Every structure is written in C-alpha cells, then in structure tokens.
1. If you scan segment 73-93, which residues turn out to be closer than 14 Å to residue 139 by Cβ and either open to solvent by less than 30 Å² (accessible area, probe 1.4 Å) or at pLDDT 95 or above (or both)?
2. Condition first: without any contact (Cβ under 8 Å) to a residue 60 or more places away in the chain, open to solvent by 40 Å² or more (accessible area, probe 1.4 Å) and within 23 Å of residue 30 (Cβ to Cβ). Can you find one or more residues in segment 99-107 that meet it?
3. Which condition number does residue 119 fail, the rest of (1) open to solvent by 90 Å² or more (accessible area, probe 1.4 Å); (2) at pLDDT below 95 being met?
4. So which residues in segment 8-46 are more than 18 Å from residue 113 (Cβ to Cβ) and in contact with a Gly (Cβ under 9 Å, 6 or more places away or on another chain)?
5. Tell me which residues, restricted to segment 101-142, are assigned to a loop (DSSP other than H, G, I, E, B) and either touching a helix residue (DSSP H, G or I) at 6+ places or on another chain (Cβ under 9 Å) or among the basic types (Lys, Arg) (or both).
6. Suppose we filter 18, 40, 53 for residues that are surrounded by 11 or more Cβ atoms within 10 Å (Cβ to Cβ) and either touching a strand residue (DSSP E or B) at 6+ places or on another chain (Cβ under 9 Å) or not in a strand (DSSP E or B) (or both); which single one remains?
Amino acid sequence: MKMNHVGIMVGDMDKAVEFYTNALGLKVVMGNTKVVEERETAIGRMCIAVFGEGFKGFNIAHLVTTDGIGVELFEMKERQERHEVDFSRLGIFHFCLQTDDFAATIEKVEQFGGKVRMDIMRYHPEDDNKPAKMVYLEDPFGNLFELYSHTYEETYASEYE
C-alpha cells in the first residue's frame, strides 16, 4: 500500500493555495475549480455519494509534494471559519511533512498566516547520534501538521523516552 493523497478542508481557497505552495513548497497540479451539486457527470454523482444531498458545492484544488503525495484542498460553500481541534474525537488530526530546513519553513509558515504550536523537539536529546527532530504547526485555518527532519523509519527505528 502506498500513500496517494490527503484531503484538507480550508476556509479560503486562494489563501490555502498560497500557503501550501509558498510556505510549504507544494506544486499545483489542478488549480482552484468550482464543483456544484449535479447528477449528470461521474464527478457530480461521486460528490453526492461522499458529501450527501444538498452539499451546496465547493472549490477544490489539487497539489502535490516533492515526493508525489497529493494534497487535495476543499473549500466548502457552508463551512466553519476555523478548524477546532478536539483531541477527544476520533479521526485523523494531523499530517506530517519532512524538511531539512526547519527555520526557513517555520519562517514561511508564519509569513503566510500559519502558526507554530510548540518548540522544536528532538526525539533522542540524550544521543547526538540520533538527531531526529519534530515540531507541530497550524495552517491559516487551524489544521494541524507536523514537520519531521528524518524519514518515518529513521525517526522510529529505535525506542525513545
């Protein structure tokens, strides 16, 4: 099994595309496109199946990471202004990107309306031979994401305290 893409609900498509391309370095595959509720096309029928009758339409854009993972942005016509994180609810609560340059990425995240939620931390601060580090951030709409300095396997190949 391979990861193909992740879908993210955003509050303003233009701002979201600007953030995810300029702050995080993703590339636009398909720009902002309006989707309306209809039954004439396969896409229309699929959206009704996913979102239900009366979803009122949305804007969608497709982006891709440098390693080919898709990021599908959705701006629903009817939506909250901001994602409210509730750690008691089940479901996906973040995604993670990998970078070699935490400082530059964090600077761009803040420049384009995102937020840093914590200090950068090392998984193994006691061992200089294990430099893996991480940090949690938010996009401009409150969606959580994480930055890793190393691959997932490198990060978890040994236990941590």
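The values are calculated or read from the model by the stated rules, or taken from the named source; none is laboratory data. Predicted model, so just to flag it, every value in this text is computed and none were measured. Here Cβ is always computed from backbone atoms with ideal geometry, including for glycine, and neighbour counts include all displayed protein chains. Areas reflect the complete protein model, heavy atoms only, side chains present, ligands, DNA and RNA absent. Shrake-Rupley method; radii C 1.70, N 1.55, O 1.52, S 1.80 Å.
1. The answer is 73, 74, 75.
2. No, segment 99-107 contains no residue that is without any contact (Cβ under 8 Å) to a residue 60 or more places away in the chain, open to solvent by 40 Å² or more (accessible area, probe 1.4 Å) and within 23 Å of residue 30 (Cβ to Cβ).
3. Residue 119 satisfies every listed condition except (2).
4. Scanning segment 8-46 gives 29, 34, 35, 36, 37, 38.
5. Listed by number, the residues that qualify are 112, 113, 114, 117, 120, 123, 130, 132, 139, 140, 141.
6. Answer to the check: 18.
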